[in-house]
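Peer 1: I'd like to ask you about the structure that follows.
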2 protein chains.
Amino acid sequence: MKWLSDPIEKPDVHFASLARQHQKKLTKPQGSLGQLEILAIRLAAMQQTKKPVLNRVWVSVFAADHGIAVENVSAYPQSVTVDMVKNFSAKGAAVNVLSKFIRAHFEAIDVGLLQTLDLPHLIVDKLSQGTANFLNRPAMNIDQLEHALNAGRNAASRAVSKKSHLFIGGEMGIGNTSSATAMICALLKENPKVLTGAGTGLSEDAIKHKSNLIKQALAKHRKNLGTPLEVLQYLGGSEIAALVGAYIFAAQNKLPVLVDGFIATTAALLAVRINPSVGRWFFYAHKSEEKGHQAVLEELNARPLLNLSMHLGEASGAIVAVPLFQMACKLHNDMATFEQAKITTK
Amino acid sequence: MKWLSDPIEKPDVHFASLARQHQKKLTKPQGSLGQLEILAIRLAAMQQTKKPVLNRVWVSVFAADHGIAVENVSAYPQSVTVDMVKNFSAKGAAVNVLSKFIRAHFEAIDVGLLQTLDLPHLIVDKLSQGTANFLNRPAMNIDQLEHALNAGRNAASRAVSKKSHLFIGGEMGIGNTSSATAMICALLKENPKVLTGAGTGLSEDAIKHKSNLIKQALAKHRKNLGTPLEVLQYLGGSEIAALVGAYIFAAQNKLPVLVDGFIATTAALLAVRINPSVGRWFFYAHKSEEKGHQAVLEELNARPLLNLSMHLGEASGAIVAVPLFQMACKLHNDMATFEQAKITTK
């Protein structure tokens with residue numbers, strides 16, 4: 001897993017500066033495009049160009065089962081993980097509809113489903129069928145962790161090889177808000193009561209149950225949560241590890257990353273803790289309704305672009321934000337300057 | 001101006017109910033698409049259909065000069081109004097780039113520029129060259145007001161005749177944040193100190209100057225601000241009146257309206273005060289950085305979709321929100337149901 005610490009370059013400050021200057025020349029009040037100006041400037045720096053573009057978007061959705069799912073921590077049965085992967089393959093899920101709308105490349109990757117499926121558009125890249133129940137055991141052994149991180153790297157590598165302009169990672173795994181909540185409690189040293197949320201739609205009582213289980217798990221593994229990789233191994237999931245690996249490899253290859261909601265942002269935090277420079281390549285798409293999300297965003301000092309009360313996962317919130325990047329690029333590249341439009345501003 | 005009070009139908013609750021039921025059947029946790037579900041449901045009700053669509057977007061940008069501009073209330077000289085209209089005609093402005101991106105029909109309408117221009121893509125529909133300085137006189141006489149309201153109606157009528165799915169109104173007019181701020185102070189009975197903002201980019205001192213002028217104007221006209229139409233006549237601008245007329249005519253013809261930023265929302269508030277049922281046909285695109293916007297949004301009980309720190313006007317914030325509607329429709333129409341995907345959720 002040594003590659004995780006390989007260096008990550010900074011986006012090019014020279015091109016950031018050129019883009020910032022260019023924005024000031026465009027026929028609009030200074031700063032009046034708000035976040036869209038920042039997107040264009042950051043993309044220009046990342047792409048080392050005067051004219052940033054965002055046409056080729058890559059969407060990898062990682063799916064895996066969670067041992068913790070047997071503890072009644074989700075509003076849905078564990079079988080929904082596999083069912084939804086079938087739905088991805090049949091192009092019926094939200095992520096399919098949205099990927100088609102923005103003309104993104106979409107792939108689903110089984111990084112640890114309980115069943116092994118032979119389906120169109122499904123990549124299988126796994127070492128085991130589901131994680132262990134982290135209430136009793138580490139969720140993964142070291143080999144499983146390493147394989148999942150590498151599965152993420154493999155996906156980002158495919159995206160890099162196709163010269164993608166943006167990498168979006170999504171996840172599917174019944175039980176994974178329990179896993180992510182346990183991890184952020186460990187990373188932020190916070191009480192599960194404060195950060196445990198409804199996931200796919202739990203009642204108040206069920207949230208209490210989930211919160212208590214997470215508290216137990218944190219107590220059980222407390223001596224093994226000293227590093228972010230340990231947190232990921234003991235409390236994580238294969239799809240979350242895959243996101244971590246994908247994010248780090250993308251950044252190492254100068255591929256900008258658009259981070260989705262709660263689970264994805266938890267993976268982003270893990271990635272930053274493992275290799276702090278990775279954050280320079282992150283954009284944050286949206287604030288999810290899931291309770292713990294705000295705390296993770298704050299820890300990352302992230303300002304997400306959207307706040308639409310979404311909490312669906314599977315990369316959906318990130319894809320919804322993509323047109324903002326595309327419009328930001330178009331505005332940056334195609335608007336007239338004051339000089340071109342012969343406008344005197346004084 | 002009697003047509004302003006003509007009745008406005010409600011969106012169809014039957015189709016809203018069908019759409020709400022349909023959303024519950026789609027392969028996602030209940031409510032997890034957040035605002036996108038609400039957009040699809042509201043559009044279904046407005047279009048009286050099971051499958052809402054949003055392909056044909058109509059953008060009308062109204063431009064006019066303001067008498068108040070001679071009082072140094074803008075960071076830009078008054079000539080920029082005409083210059084920007086030339087820029088619209090040459091397709092160099094933000095609204096042009098954005099309209100092209102979403103494939104909207106775009107038109108600019110001179111409803112009261114100081115100059116009369118003969119330019120491609122520019123419609124001239126005005127009675128006078130600019131408004132009077134509302135510090136000294138009513139901004140418009142009754143005929144000017146009526147003409148501007150009708151110019152808006154004419155634009156919305158063109159949109160209706162082309163079977164548009166969404167009407168977006170934009171504005172251009174140096175000085176118009178002063179006019180809009182004066183009107184919201186009159187409508188909300190608020191102190192100009194509290195609501196006066198930077199417009200296109202004023203210094204703190206210049207904002208104080210602007211706020212003082214607005215206070216003077218409110219005092220001068222205080223006996224003539226009893227109705228929303230009086231507020232519009234005495235303190236408004238032709239492009240703002242055109243927005244009011246356009247919004248009301250659109251709603252009377254069941255054409256959904258997407259309201260842009262501060263100026264447009266002020267027009268929306270005027271429209272609601274004139275004909276309260278119009279609000280049922282409004283969507284609010286974004287929260288602008290302009291100081292007074294939040295207060296107007298709150299008065300309208302509006303939750304805007306975006307908050308990207310934009311403050312450009314000319315319909316730009318509204319167009320940026322359009323892909324959200326399109327994705328909301330696609331998700332509503334194209335996602336698989338649990339039944340279709342054969343997913344057991346219990």
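The values are calculated or read from the model by the stated rules, or taken from the named source; none is laboratory data. Model, not experiment: these values are computed from the prediction. For neighbour counting, all protein chains shown are included, and Cβ atoms are generated from backbone atoms with ideal geometry for every residue, glycine included.
Peer 1: Name the pairs: first residue in segment B:294-314 and more than 23 Å from A:Arg303 (Cα to Cα), second residue modelled with pLDDT of 95 or more and polar (S, T, N, Q), Cβ to Cβ under 6 Å, at least 6 apart or on different chains?
Peer 2: Pairs found: B:Val296/B:Thr265; B:Val296/B:Thr266.
Peer 1: Right, another one. Considering only residues of segment B:193-221 that are in a loop (DSSP other than H, G, I, E, B) and of a type in the set (Gly, Ala, Ser), which is farthest from B:Ser288 (Cα to Cα)?
Peer 2: The selected residue is B:Ser203.
Peer 1: Could you say which residue among A:Ala186, A:Ala182, A:Ala206, A:Ala198 is assigned by TED's automatic domain parsing to the domain that holds A:Ala63, out of contact with any Pro (no Cβ under 8 Å at 6 or more places or on another chain), closer than 18 Å to A:Asn224 by Cβ and of a type in the set (Gly, Ala, Ser)?
Peer 2: After applying the criteria, what remains is A:Ala186.
Peer 1: Same structure, new question: For segment A:153-166, give me each residue that is in a helix (DSSP H, G or I) and of a type in the set (S, T, N, Q).
Peer 2: A:Asn154, A:Ser157, A:Ser161
Peer 1: A further question follows. What pairs come up if the first residue lies in segment A:199-210 and is within 17 Å of A:Asn176 (Cβ to Cβ) and within 14 Å of chain B (Cβ to nearest Cβ), the second is assigned to a helix (DSSP H, G or I) and not hydrophobic (A, V, I, L, M, F, W, C), and their beta carbons are under 7 Å apart, counting only those six or more places apart or on different chains?
Peer 2: Pairs found: A:Gly199/A:Thr177; A:Leu202/A:Lys210.
Peer 1: Condition test on B:Asp12, is it over 25 Å from B:Pro276 (Cα atoms), surrounded by fewer than 24 Cβ atoms within 10 Å (Cβ to Cβ) and among the charged types (D, E, K, R)? Let's see the steps before the verdict.
Peer 2: Values: over 25 Å from B:Pro276 (Cα atoms): no; surrounded by fewer than 24 Cβ atoms within 10 Å (Cβ to Cβ): yes; among the charged types (D, E, K, R): yes.
The answer is no for B:Asp12.
Peer 1: Would you confirm, using the coordinates I've provided, whether A:Ala241 is in the same structural domain as A:Gly199 (by TED's automatic domain parsing), closer than 27 Å to A:Ile8 by Cα and crowded, with 24+ Cβ neighbours inside 10 Å?
Peer 2: When the stated conditions are applied, A:Ala241 passes them.
Peer 1: Among the listed residues A:Gly313, A:Gly292, A:Gly317, which satisfies the condition of being farther than 18 Å from A:Leu33 by Cα and touching a Cys at 6+ places or on another chain (Cβ under 9 Å)?
Peer 2: On the way: A:Gly313 fails: touching a Cys at 6+ places or on another chain (Cβ under 9 Å); A:Gly317 fails: touching a Cys at 6+ places or on another chain (Cβ under 9 Å).
None of the others qualify; the one that does is A:Gly292.
Peer 1: Does A:Glu146 qualify as being crowded, with 19+ Cβ neighbours inside 10 Å, at pLDDT 95 or above and of a type in the set (D, E, K, R)? Step through it out loud before you land on a result.
Peer 2: Values: crowded, with 19+ Cβ neighbours inside 10 Å: no; at pLDDT 95 or above: yes; of a type in the set (D, E, K, R): yes.
Judged against the criteria, A:Glu146 is not a match.
Peer 1: Something else: Within segment B:254-346, which helices (runs of 4 or more DSSP H) (wholly inside it) include 3 or more residues that are within 9 Å of chain A (Cβ to nearest Cβ)?
Peer 2: So the answer is B:316-334.
Peer 1: Sticking with this one: Give the number of residues within segment B:81-91 that are within 10 Å of chain A (Cβ to nearest Cβ) and among the β-branched types (Val, Ile, Thr).
Peer 2: Going through segment B:81-91 one residue at a time, the tally reaches 1.
Peer 1: Of all residues in segment A:106-152, count the ones that are in a loop (DSSP other than H, G, I, E, B) and not aliphatic (A, V, I, L, M).
Peer 2: Adding up the residues that qualify gives 17.
Peer 1: Next up: Among the candidates A:Gly226, A:Gly169, which residue alone is more than 14 Å from chain B (Cβ to nearest Cβ), without any contact (Cβ under 8 Å) to a residue 60 or more places away in the chain and not in a helix (DSSP H, G or I)?
Peer 2: None of the others qualify; the one that does is A:Gly226.
Residue by residue, here is whether (1) away from chain A (no Cβ under 12 Å); (2) crowded, with 21+ Cβ neighbours inside 10 Å; (3) in contact with a strand residue (DSSP E or B) (Cβ under 7 Å, 6 or more places away or on another chain) holds:
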{"position": "B:Val61", "(1), (2), (3)": "yes, yes, yes"}
{"position": "B:Asp65", "(1), (2), (3)": "yes, yes, yes"}
{"position": "B:Ser79", "(1), (2), (3)": "no, no, no"}
{"position": "B:Lys100", "(1), (2), (3)": "no, no, no"}
{"position": "B:Arg137", "(1), (2), (3)": "yes, no, no"}
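Peer 1: Let me ask you something else. If you go through segment B:172-192 one residue at a time, how many are within 14 Å of chain A (Cβ to nearest Cβ) and in a helix (DSSP H, G or I)?
Peer 2: 2
Peer 1: Can you find a residue that is polar (S, T, N, Q), over 30 Å from A:Lys25 (Cβ atoms) and in the same structural domain as B:Leu202 (by TED's automatic domain parsing) anywhere in segment B:112-130? Spell out how you get there, then give the answer.
Peer 2: Within segment B:112-130, the first condition is being polar (S, T, N, Q), and the residues that meet it are B:115-116, B:128-129.
Adding the requirement that they be over 30 Å from A:Lys25 (Cβ atoms) leaves B:128-129.
Then drop every residue that is not in the same structural domain as B:Leu202 (by TED's automatic domain parsing), which leaves B:128-129.
Looking for residues that are polar (S, T, N, Q), over 30 Å from A:Lys25 (Cβ atoms) and in the same structural domain as B:Leu202 (by TED's automatic domain parsing), one finds at least one in segment B:112-130, hence yes.
Peer 1: Of everything in segment B:189-229, what is surrounded by fewer than 18 Cβ atoms within 10 Å (Cβ to Cβ) and within 22 Å of the chain's Cα centre (by Cα)? Give them in sequence order.
Peer 2: B:Lys189, B:Glu190, B:Gly201, B:Thr227
Peer 1: Which residue is farthest from the other protein chains (Cβ to nearest Cβ), if the candidates are limited to segment A:11-32 and must be closer than 20 Å to A:Leu54 by Cα, touching a helix residue (DSSP H, G or I) at 6+ places or on another chain (Cβ under 6 Å) and in contact (Cβ under 8 Å) with a residue 24 or more places away in the chain?
Peer 2: Selected residue: A:Asp12.
Peer 1: If the requirement is being within 21 Å of the chain's Cα centre (by Cα) and of a type in the set (Gly, Ala, Ser), which of these qualifies: B:Ser89, B:Ser32?
Peer 2: The conditions single out B:Ser89.
Peer 1: Looking at the structure I just gave you, is B:Ser74 within 12 Å of chain A (Cβ to nearest Cβ) and among the hydroxyl-bearing types (Ser, Thr, Tyr)?
Peer 2: In short, yes.
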